[in-house]
Amino acid sequence: MTKNTDVVAEHVFGNITATEKIMKWKNTRWRYTVSGNGDKFVLAILSNTTGHLLALPLAEEFRDTFTSIALSVPPMKSFAETAEGLKLLLGGEGVDTCHAIGHSNSGVHLQNLIARYPGVVDKVVFSHSLTSMNREDACTTNASEVKMYRLMRSMLRILPASILTFVMARMVLTKLSLQSGEADTRRLTAFCRDDMKRVTKQDLITIAGCMEDFLFNHTFTSEPYVSAPQNVLIIDSPTDKIANPMQRAQMLKLCPGAQEYHFQSGGHVTLVNRRDEYLSVLRKFWG
């Protein structure tokens, strides 16, 4: 750990212990959990808000293979700084290389890390994610993202943050489950709900600003991925109402030759809605 990292709690669920930590950096608080006994590392970024808790079913599944670092990217004013923060956090945990999984917008933070620090990520899973390869993408491929964040800003002018976090909770928590049983699942769900209640209006505005910074000011290239396409897995679903077909096609252009898996149902959060199938796909990809 870095000297700016504190252990804040330990959560025991069945046969895994998730040590919750906070890394303080540039007036931000990077919340994450470390769990599992494996000699290899996997970085899981599934959400900007409660990702460090939502990834615990994944950490439970791979506890004997990986040490899982599950992260919530904090509200950041500058998208460019997310790569630096991720590298600092991994270094503080003694991680030189790792596998990684990024869901939705979190996949963009991973693209930022990979572009800035080649070699840090070995095998990567982009789950229901998006990218930007040309500046025009903000007005074409990713126009729905631009519209979503503008709508969020408009809603936050008149509505409390709790309305949006309630919608988020309905989307991701109703089918959340742990192998260790219903009692642990209820406890984890309660942790996630309490965590979402801590999200403020300013947090959401800052998150929107960070992603708008990405949409209008940052592009990526295929260069980090073309030499080892077998190390990239792209997961998506035609039932996803958030990641549109143009975004899914653009991800395949970013990572030509990547492995693909297309869920036939499960919407935007197949890790929760199609849990067993999702974990089976990861198990096969990571070996």
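Give me a count of the residues in region 88-123 that are assigned to a helix (DSSP H, G or I), surrounded by fewer than 16 Cβ atoms within 10 Å (Cβ to Cβ) and in contact with a helix residue (DSSP H, G or I) (Cβ under 9 Å, 6 or more places away or on another chain).
Going through region 88-123 one residue at a time, the tally reaches 2.
Tally time: how many residues in region 157-181 are open to solvent by less than 20 Å² (accessible area, probe 1.4 Å) and either modelled with pLDDT of 90 or more or in contact with a Ser or Thr (Cβ under 7 Å, 6 or more places away or on another chain) (or both)?
4
Any residue at all in region 125-133 that's surrounded by fewer than 16 Cβ atoms within 10 Å (Cβ to Cβ), in a loop (DSSP other than H, G, I, E, B) and either in contact with a Ser or Thr (Cβ under 6 Å, 6 or more places away or on another chain) or touching a residue at least 12 places away in the same chain (Cβ under 8 Å) (or both)?
The answer is yes, given that some residue of region 125-133 is surrounded by fewer than 16 Cβ atoms within 10 Å (Cβ to Cβ), in a loop (DSSP other than H, G, I, E, B) and either in contact with a Ser or Thr (Cβ under 6 Å, 6 or more places away or on another chain) or touching a residue at least 12 places away in the same chain (Cβ under 8 Å) (or both).
Quick one: how many residues across region 202-254 are open to solvent by 20 Å² or more (accessible area, probe 1.4 Å), closer than 25 Å to L151 by Cα and charged (D, E, K, R)?
Of the residues in region 202-254, 5 are open to solvent by 20 Å² or more (accessible area, probe 1.4 Å), closer than 25 Å to L151 by Cα and charged (D, E, K, R).
When the residues of region 205-261 are narrowed to those that are under 13 Å from S127 (Cα atoms) and of a type in the set (D, E, K, R), which ends up nearest to the chain's Cα centre (by Cα)?
Applying the filter and picking the extreme gives D236.
Residues of region 46-73 being hydroxyl-bearing (S, T, Y), out of contact with any Lys or Arg (no Cβ under 8 Å at 6 or more places or on another chain) and part of a loop (DSSP other than H, G, I, E, B), which ones?
T49, T50 - these are the residues of region 46-73 that are hydroxyl-bearing (S, T, Y), out of contact with any Lys or Arg (no Cβ under 8 Å at 6 or more places or on another chain) and part of a loop (DSSP other than H, G, I, E, B).
What number goes with the only condition from (1) under 25 Å from H218 (Cα atoms); (2) in contact with a Lys or Arg (Cβ under 7 Å, 6 or more places away or on another chain); (3) touching a residue at least 60 places away in the same chain (Cβ under 8 Å) that F79 does not pass?
(2)
Quick one: in region 51-70, which of the residues that are among the hydroxyl-bearing types (S, T, Y) and open to solvent by 10 Å² or more (accessible area, probe 1.4 Å) is nearest to H103 (Cα to Cα)?
T67
For region 29-45, give me the residue count where each residue is open to solvent by less than 20 Å² (accessible area, probe 1.4 Å) and either assigned to a strand (DSSP E or B) or within 16 Å of L110 (Cα to Cα) (or both).
8
Got a sec? Which helices (runs of 4 or more DSSP H) wholly within region 168-287 have at least 3 residues that are more than 30 Å from N134 (Cα to Cα)?
Output list reads 182-197, 275-286.
So M76 fits all but one of (1) modelled with pLDDT under 95; (2) part of a helix (DSSP H, G or I); what number is the exception?
(2)
Name the pairs whose Cβ atoms lie under 7 Å apart, with the first residue in region 145-159 and assigned to a helix (DSSP H, G or I), the second open to solvent by 60 Å² or more (accessible area, probe 1.4 Å), and 6 or more positions between them or separate chains?
Hits for this filter: L156/K201.
Condition test on K87, is it basic (K, R) and within 17 Å of M23 (Cβ to Cβ)?
yes
One residue is enough: does region 182-199 have a residue meeting the conditions open to solvent by 80 Å² or more (accessible area, probe 1.4 Å) and more than 21 Å from R275 (Cβ to Cβ)?
Yes, region 182-199 contains at least one residue that is open to solvent by 80 Å² or more (accessible area, probe 1.4 Å) and more than 21 Å from R275 (Cβ to Cβ).
The values are calculated or read from the model by the stated rules, or taken from the named source; none is laboratory data. Just so we're clear, the structure is a prediction, and the values are computed from it rather than from any experiment. All Cβ positions, even for glycine, are placed from backbone atoms using ideal geometry, and neighbour counts span all protein chains on display. Protein only, heavy atoms only, side chains kept; ligands, DNA and RNA dropped before computing areas. Shrake-Rupley method; radii C 1.70, N 1.55, O 1.52, S 1.80 Å.
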